[in-house]
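Quick notes on the structure that follows.
The values are calculated or read from the model by the stated rules, or taken from the named source; none is laboratory data. Quantities reported herein were computed from a predicted structural model and do not represent experimental measurements. Glycine gets a Cβ as well: all are built from the backbone with ideal geometry, and neighbour counts include every protein chain shown. Side chains included, ligands, DNA and RNA excluded: accessible areas come from the protein's heavy atoms. Shrake-Rupley method; radii C 1.70, N 1.55, O 1.52, S 1.80 Å.
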Amino acid sequence: MKKNIIGLDKNGAAQLIEKLNDLLSNYEIFYQNTRGFHWNIKGPKFFELHAKFEELYTDLQVKIDEIAERVLTLGGTPIHTFAGYLEVSEIKAVENATDGNTCVQHVLDAFAILLKKEREILELSAELDDEGTNAQASDYIREKEKLVWMYNAFLSK
């Protein structure tokens with residue numbers, strides 16, 4: 001069994017790299033969507049959502065960098081073109097969304113996709129004894145679950 005530079009099985013690491021690149025692509029499209037929500041939001045909740053979307057895309061930007069660096073740590077190359085992201089991402093680009101509830105629903109839909117992918121990464125990284133990827137996925141899941149609760153509460157009437 002061949003090991004990579006951090007002592008993980010190369011074949012297992014290759015599977016994780018593929019899943020992490022998929023996650024990276026989804027984060028990138030979600031990031032761009034969130035920037036658009038921030039720029040284009042209108043209506044009575046403008047000030048609240050404008051600030052919230054900025055908070056969200058700032059956090060996404062950090063996570064995008066962390067995911068890409070984890071791909072590199074595992075010995076892979078992160079996807080780094082918009083064409084590549086669009087080819088891989090399950091989250092689709094959202095154009096011209098201006099309504100607060102619609103934008104928040106898009107955020108929740110993206111969270112659902114990301115949580116599913118992060119749980120798959122968590123499971124695989126545990127099988128491979130990859131504590132670094134496992135801890136990263138676990139942290140992302142914990143943070144995102146709280147955000148799901150909060151954004152759902154915003155939509156509740």
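For the chain, which whole percent of the accessible surface, found with a 1.4 angstrom probe, sits on carbon and sulfur atoms?
Within the chain, the accessible surface is 53 percent carbon and sulfur.
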(message) If each DSSP helix of 4+ residues adds -39,500 (n - 2.57) and the sum is divided by the residues in the chain, what number results at 222 nm, nearest 500 deg cm²/dmol?
(response) -26500 deg cm²/dmol
(request) Given a cut-off of 29 Å, name the pairs among K42/K144; K3/K63; K10/K116; K10/K52; K3/K144; K3/K146 whose C-alpha atoms lie farther apart than that in the structure shown. (result) K10/K52; K3/K144; K3/K146
(request) Determine one quarter of the surface area of the Cα convex hull of segment 1-146, which equals its mean projected area, and express it in nm² to one decimal. (result) 8.3
(request) Figure the gain on full extension for T58 and E120 (residue separation times 0.36 nm, minus the Cα-Cα span) and round it to one decimal in nm. (result) 19.9 nm
(request) First measure r as the distance between the Cβ atoms of A135 and D99, then evaluate 1/(1 + (r/R0)^6) with R0 = 25 Å and state the FRET efficiency to the nearest 0.05. (result) 0.10
(request) When a/c is below 1.5 the answer is rounded, else prolate if a/b is larger than b/c, else oblate, so apply that to segment 68-157 with a ≥ b ≥ c taken from the square roots of the Cα gyration tensor eigenvalues. (result) oblate
(message) Tell me the per residue accessible area of the chain using a 1.4 Å probe; a whole number in Å² is fine.
(response) 55
(request) Would you mind computing, in nm to one decimal, how far apart the modelled labels at E145 and A51 are, each placed 7 Å from Cα along Cα→Cβ? (result) 2.8
